[in-house]
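J.: Attaching a single structure in structure tokens format; questions to follow.
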Amino acid sequence: MPYWLYLVIGGIFINNFVLSRFLGICPFLGVSKKTETALGMGLAVIFVMGMTSIITFGLNLLLKELNIEYLQTIVFILVIAALIQLIEIVIKRFAPSLYTSLGVYLPLITTNCAVLGVAIMNVTELATQNIFTSFVNGISSGIGFTLALLIMAGIREKLEYSEIPERFKGFPITLITASIMAMAFTAFAGLSF
Amino acid sequence: MSGKTEKLTFKDITSPLTNGIINNNATFRLVLGTCPTLAITTSASNGIGMGLSVLFVLVCANAIVSLLRNVIPRKVRIPAYILIIATFSTIVEMVVRAFLPDLYDKLGLFLPLIVVNCILLARVESFASLNRVIPSIMDGIGIGLGFTFSITLMGIFREFLGAGSFFGIPINPIITAELPMTFFILPAGGFMVYGLLMVVFNSVVDKIQKFLDNRRQVNSGAKSIKGRISLAETETQGGK
């Protein structure tokens, strides 16, 4: 089995970013009230993660060349912040309809730990590191994030109509729902090969 | 910003501290910084390590942002804040790597990820950029201690149930290393413990708050008949 396919299945199911790696929990809890907004956020995250993976991989080669790898975190977060600003400007100029649907979520992604997480993971954890595996890892992690976000949003829409004990309303019931989802996703660990 | 000439009162200094630990508890009240809360709380000592790292970064970032609050232009404040936070989180990362390699291995990815921990950006933006240096530092200490307390508490629960130990010392007679209750170490258990602890914490804090309010009313109200009437009213309301 090619390594990239392993990364795709791993990123979406086995090592799901939200439910097994605990990255990007804030938007997972915050932006999962409606399926439409969840989808918008998810698409924005996939896009940004793909772009970030490519750019930070290149930058890391440069950092290694100059022997200043300890600056990794600072450089990566600045690049991500700048990249998101740039994407926002470009989308606003050339795809106004996409901008109106993604616009609100783009600035939020800067502090989404999933994006910085995938950038750091690409240069520390992957077995074969090249620009293609980084890109695949970024995209499939983003898809995994979107999948979890969408399932959560679907469940929360139904939860609105159910009777929940007063104390459990809001975050607690969402966390317990997430726990049950995570339990289901644990079963994918059997897929590891 | 307007308070340049005003003197700091004792309350200005202590209230951010107590607020940070209880009323604005980052984990259970504000629900910020959830990623490390869930990911690294598989043991209590991890919780303390992570909490103190965040405490350090938060105090330093709050102090610097508060000092520069009139210098940083409004439009570029977010990148500026992120840069300040990233500097301190890199310092923490390098120090932990050099002096506590075990902890560094356990926290792994989540140590550099302190940069994007929403607690930091939220406090810097909503408190330090509007307040003077000393209250900002106290707010950093308060929020940091509250975060350390709550994630250590979560770590204690998960470690006790999942591995049967307390700070690495095996104490649970039923659950041992040979027969672990793996659920609580798995991600699913993290979500579950977090949700339940949030309910318990908020109920207990609300109960204590209500008790204190009632007692305050007794103390101040006993002086006058009017006070006694209002006390009676609150008691009947409490009875509902």
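J.: List, please: which pairs have Cβ atoms under 7 Å, are six or more places apart or on different chains, and start with a residue in region A:30-50 that is without any contact (Cβ under 8 Å) to a residue 60 or more places away in the chain and end with one that is surrounded by 19 or more Cβ atoms within 10 Å (Cβ to Cβ) and in a loop (DSSP other than H, G, I, E, B)?
T.: As it stands, the answer is none, since no pair meets every condition given.
J.: Moving on. Say we look at region A:169-180 and pick out the residues that are out of contact with any Phe, Trp or Tyr (no Cβ under 8 Å at 6 or more places or on another chain) and in contact (Cβ under 8 Å) with a residue 40 or more places away in the chain; which of these is surrounded by the most Cβ atoms within 10 Å (Cβ to Cβ)?
T.: Only one residue tops the list, namely A:Thr174.
J.: From the list B:Ser15, B:Ser45, which one is farther than 26 Å from A:Gly30 by Cα, among the small types (Gly, Ala, Ser), assigned to a helix (DSSP H, G or I) and modelled with pLDDT under 85?
T.: B:Ser15
J.: Quick check on B:Leu52: is it surrounded by fewer than 22 Cβ atoms within 10 Å (Cβ to Cβ), among the aliphatic types (A, V, I, L, M), away from every other protein chain (no Cβ under 14 Å) and closer than 14 Å to B:Ile151 by Cβ?
T.: Considered against the rule, which asks whether it is surrounded by fewer than 22 Cβ atoms within 10 Å (Cβ to Cβ), among the aliphatic types (A, V, I, L, M), away from every other protein chain (no Cβ under 14 Å) and closer than 14 Å to B:Ile151 by Cβ, B:Leu52 comes out as yes.
J.: Specify the residue that is nearest to B:Asn24 (Cα to Cα); the eligible residues are those in region B:96-110 that are more than 9 Å from chain A (Cβ to nearest Cβ) and touching a residue at least 60 places away in the same chain (Cβ under 8 Å).
T.: B:Leu107
J.: Here's a follow-up. Sort out which residues of region A:181-193 are open to solvent by 70 Å² or more (accessible area, probe 1.4 Å) and at the interface with chain B (Cβ under 10 Å from one of its Cβ atoms), and write them in order of number.
T.: A:Met183, the sole residue that qualifies.
J.: Right, another one. Hey, does region A:122-137 have a residue that's modelled with pLDDT of 90 or more and under 12 Å from the mean Cα position of the chain (by Cα)?
T.: There is at least one residue in region A:122-137 that is modelled with pLDDT of 90 or more and under 12 Å from the mean Cα position of the chain (by Cα).
J.: Considering only region A:5-117, give the helices (runs of 4 or more DSSP H) lying wholly within it that have at least 2 residues that are touching a Cys at 6+ places or on another chain (Cβ under 7 Å) and open to solvent by less than 60 Å² (accessible area, probe 1.4 Å).
T.: Counting at least 2 such residues, we get A:25-30.
J.: What number of residues within region A:138-178 are polar (S, T, N, Q) and within 14 Å of chain B (Cβ to nearest Cβ)?
T.: 3
J.: Additional query: Take A:Ile9 and tell me if it is more than 9 Å from chain B (Cβ to nearest Cβ), of a type in the set (A, V, I, L, M, F, W, C) and touching a residue at least 40 places away in the same chain (Cβ under 8 Å).
T.: Here the answer is yes, as A:Ile9 does meet what is asked.
J.: Looking at B:Ile119, B:Ile141 in this structure, which one is among the β-branched types (Val, Ile, Thr), within 30 Å of A:Gly117 (Cα to Cα), touching a residue at least 60 places away in the same chain (Cβ under 8 Å) and open to solvent by 10 Å² or more (accessible area, probe 1.4 Å)?
T.: Within the list B:Ile119, B:Ile141, the selection yields B:Ile141.
J.: Separate question: Considering only residues that are over 18 Å from B:Val65 (Cα atoms) and facing chain A (nearest Cβ under 8 Å), look in region B:76-95 and name the one that is most open to solvent (accessible area, probe 1.4 Å).
T.: Going through the qualifying residues, I end up with B:Met94.
The values are calculated or read from the model by the stated rules, or taken from the named source; none is laboratory data. Just so you know, these numbers come straight off a predicted model, no measurement behind them. When we count neighbours, we look across all protein chains shown, and the Cβ atoms used for this are built from the backbone with ideal geometry, even at glycine. All accessible areas refer to the heavy atoms of the entire protein, side chains included, with ligands and DNA or RNA removed. Shrake-Rupley method; radii C 1.70, N 1.55, O 1.52, S 1.80 Å.
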